[in-house]
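*Asks:* Take a look at the following structure, please.
Computed from the coordinates by the stated procedures, all read-outs in this text should not be read as laboratory data. Keep in mind that what you see is a predicted model, and the values were worked out from it rather than measured. Glycine gets a Cβ as well: all are built from the backbone with ideal geometry, and neighbour counts include every protein chain shown.
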Amino acid sequence: MNTLRIKTWRDLWLYRARTALVVIAIAVGVAAGGVATTSLIVLRRDLREGYAATNPAHAILDVSYMNEGLAEQVADLPEVDGAEIRRATSARLILDGEARPLQLATLPDFAATTIALLRPEAGATVPPPEGALLLERSAGAALGIAPGDVLTVRLLDGDEAQLAVAGFVHDLAVAPTTVQPGVNGYITDATAARLGLPEAYNQLYLTVAAADPDRAAVEAAVTAVGEWLADEGVVVTRASIPEPNVHLMQGNVDTGLLMIGILGGLTLLLGAFLVTNVMSAVVAQQVPIIGVLKALGGGRRLVLCHYGLMVLIFGLLALLLAVPLGLFGAYFMSSFLAGQLNFDIPSFGLPWPTVVVQLAGALLVPALAALGPVRTAAGLTIREALGGMSNDELRMTNSERVRHSSFGMRHSSLVLVVWRNVARRKGRLALTLAALSLAGALFMATFGLRLGLEAAIEILVSEFPYDVQIDFAEGEDGRLVERVAGEAMQGSGGAGEQGGTSLALGERLGEGLRFELWGVADARRVYGDGRVGSSFTLFGVPPTTRIAPFAEGAGRWLEAQGGRGAGVQGGGELYINYEAEKLIGRPAVDDGLIIRVNGDEEQLLRLVGMSLRPFDAQAYIPYEAFEELTGRRGEVGRLVVYLGEAQGSGGAGEQGCSFSPAPLLPCPPANETAVANALVAAFEAAGMPVARAETATSIRDGYRAQFNNLVVLLMALAGLTALVGGLGLANTMALNVLERSREIGVLRAMGARRPLLRRLVLAEGLAVALLSAFFAVLLAVPLTLALDRVMGVSLLGSPLAFAFAPGAALGWLGLVVVIGLVACWVPAEGAGRMTIREALAYE
């Protein structure tokens, strides 16, 4: 080993605390990049491959009637690769007195199923015996259900049955119970007969013959199948066409991983700031040594090699730490997300793209970060180096040091001394402030992002600000629905008694209650080439319905009269949400769209507006136009209830409910639940099956559950950036103390005691920390805007509403004070323990 290498290793060992800080900071950033890259590859690969292994259906058709013979004939059509039948039955699972939506699927032959395969979990009995059911596995952990438990299943006609749990199966084609309240169950024909279900099947699962089809290819095949079935007397009432070969939770995974990647990259950038800071300090400290090396014949290349080797060693040591740390973090992050989204990670390893990313992060990024200081060192002349003209500290003479020090001592104040010392190394101060400010901005931006997601939930929930939503299993007579609902709210007849308590809710909640009756139908767009698109829900809404202003995207809401004939010959008005916009080919406002309703009637409608609400494809037309289009006069499929609508009029009683587009003041959940329970009981007693009952609170909680996993990950990464920022501050203060060793020796010789020196260093660190908090607030605003745009467009299709979290700013202020104290404690203790001889002997 030559002398230069010995010197490099000696420098690293001599200042091992500084070496450790740099290595840890680089390792944290590189590990974060490894976590993001490995998680991205593993989650996307395993989710895609696991979903493809189930042979997912390209389309699911709800039909009026189907048997195995017809399914076999459909499978023989040239556009179709496979066709299988099932029976879908909506029911409710009664668990601890709470009713949850239950979707029962009856499979004619579990063993012969080839489309949307179910993977049995350990111990499951497949097929389940008569009187038993299989549950989708996510329900087990979410609801505390175990094999062998006997569950109460209530059908929509009110009949109840006791079914044993024969085990669990994994179904990747359905949304897991961890992110939505519904439960999926699977039964045989024998159990279906015991429950009194019809013998005919009502669903057809299709895979198309086209290789790697897009949505248009699937729609064309489904259109051909629909026309063939119509000739056989079978009506397709609904056609669900998901994005081909894309898992329904893929968007959530991609969004989470995108944010992890962005924050991981910013964390790596923080580490790069630290490398620049350290190498600047090393060069400044060793300027005389550089002069000696050049005087002995060493040239620019020698200096570059020497300090380049030091950076390389930093990177290699960081890489040794970052690879296992990143793999460990990726494993737990991937396992956590996979568990929440209900899929498995069959194997886990270190993908080669992760190795490339970590090599670049550990070797290339530090090298680029150190390039400026190292090039400066290499460019020094012998005179500049030996004369100490390259930095302010070396220009300061001993007498100046004494004068500055005695000045502070005479005034018995730390303020001037602190600010002089802080501002002495302006370049280092700038880099430290940049790193710590970026960490603080990321911390605050994460909380602002959380507020943006909360606002997005309000858009999702309060597109129409009603409090209770009742969906009927089939169309009901509107006058009867209105009468039963009115009786239920007044506690006379319709609601009766529930649990021995009268439900005189109209009296308890005041007279601010208002009902709206909506028509509900299936709708599909008919394209110019004759193909028919995927289904979305079409609502016929009364003139009193108004969309919340903050949910509007483009165009306008429906006119009360429906806009008949405006712009399109014979066409009415149509309003859609963002998910429907994607589903029907992203039309523009004022486009004319041919809409097929309930698999039969077609009409040209004019698109007048679009909302921001994603996830559920929905569209709206005036109720009068709905009646004309469907031919169903006075029929309703949904009842919505506004509680305490009148602001300031006493309509809400003492509950404080209000009807206001922005901001919305939600009614107490207890009121919403009581009203929903009363209405369900009343409708079922009147022989009107209810498919689903939801409240604004339950819908809000469901969306919050979907976003919480992402928020938890973002918070963890915010903490990681705070750690890197703290390491940067600790390193800066350690360098400051090291470089001011002689000054400390002078102070000690003049009588300064350890507590004074300790306070001096701590005060310097706090000054930097507090100054960084100011810049962090300024930087948090554009950073939050950028993250809101990335997150919103990726997850919801439009940027999130900007929100700044004052609490997060105060929290960061407190945290940065703690970081400053912790980061500076060791350097402060080192300064306090330094003897006069050690300080004055420092070179």
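*Asks:* For an R0 of 56 angstrom, estimate the FRET efficiency from the Cβ-Cβ distance between residue 818 and residue 180 and round to the nearest 0.05.
*Replies:* Efficiency for this residue pair is about 0.90.
*Asks:* Still on this model: Let me spell out the model: positive unit charges on the Cβ of Lys and Arg, negative unit charges on the Cβ of Asp and Glu, origin at the Cα centre of the stretch 57-240. What dipole size does that give, in debye rounded to 20?
*Replies:* The dipole of the stretch 57-240 has a size of about 660 debye.
*Asks:* What do you get when you divide the Cα radius of gyration of the stretch 226-270 by 2.2 N^0.38 Å, with N the number of residues?
*Replies:* Rg over 2.2 N^0.38 Å, computed on Cα atoms: 2.28.
*Asks:* Starting from the Cα of residue 199, step 7 Å toward the Cβ, then list every residue of the stretch 90-125 with an amide N under 17 Å from that point.
*Replies:* 107-109
*Asks:* Taking 0.36 nm per intervening residue step and subtracting the Cα-Cα distance, what contour gain separates residue 300 from residue 582 on full extension?
*Replies:* Values: separation 282, 0.36 × 282 = 101.52 nm, distance 6.01 nm.
Result for the pair: 95.5 nm of gain on full extension.
*Asks:* Please list, in chain and number order, the residues 5+ apart from residue 615 or on another chain whose amide H is under 5 Å from its amide H, with Hs placed from the backbone.
*Replies:* 579
*Asks:* Could I ask something else about it? In nm, give the distance between the simple-model label positions of residue 112 and residue 474, each being 7 Å from the Cα along the Cα-to-Cβ direction.
*Replies:* Label at residue 112, label at residue 474, 2.8 nm between them.
*Asks:* Still on this structure, please answer the following. Using a 10 Å cut-off on Cβ atoms, rank the peptides 675-682, 77-84 from the highest mean neighbour count down.
*Replies:* Details: 675-682: 23.1, 77-84: 18.0.
With the highest mean Cβ count within 10 Å placed first, the list reads 675-682, 77-84.
*Asks:* Given the peptides 446-453, 51-58, arrange them by the average over their residues of other C-beta atoms within 10 Å, most packed first.
*Replies:* On the way: 446-453: 23.8, 51-58: 18.6.
Per-residue mean Cβ counts within 10 Å order the peptides as 446-453, 51-58.
*Asks:* Once you have the Kirkwood Rh of the stretch 277-336 from its Cα pairs, apply Stokes-Einstein at 20 °C and 1.002 mPa s and quote D in µm²/s. Mind dumping the intermediate values first?
*Replies:* Details: Rh = 14.1 Å.
Roughly 152 µm²/s, to the nearest whole number.
*Asks:* Sticking with this structure for a sec: Report the full-extension gain for the segment residue 359 to residue 119: residue separation times 0.36 nm, less the Cα-Cα distance, to one decimal in nm. Can you show the working numbers first?
*Replies:* Values: separation 240, 0.36 × 240 = 86.40 nm, distance 3.90 nm.
Extra length from residue 359 to residue 119 when fully extended: 82.5 nm.
*Asks:* What residues qualify as long-range amide H neighbours of residue 151, i.e. H under 5 Å apart, gap of 5 or more or another chain, H built at 1.01 Å from N?
*Replies:* Excluding prolines and chain starts, which carry no amide H, the hits are 163, 164, 165.
*Asks:* Could you line up 294, 7 from fewest to most neighbouring Cβ atoms inside 10 Å?
*Replies:* 7, 294
*Asks:* Another question, then. If you stretched the chain out fully between residue 68 and residue 381, how much longer would it get, using 0.36 nm times the residue separation minus the C-alpha to C-alpha distance?
*Replies:* 103.7 nm
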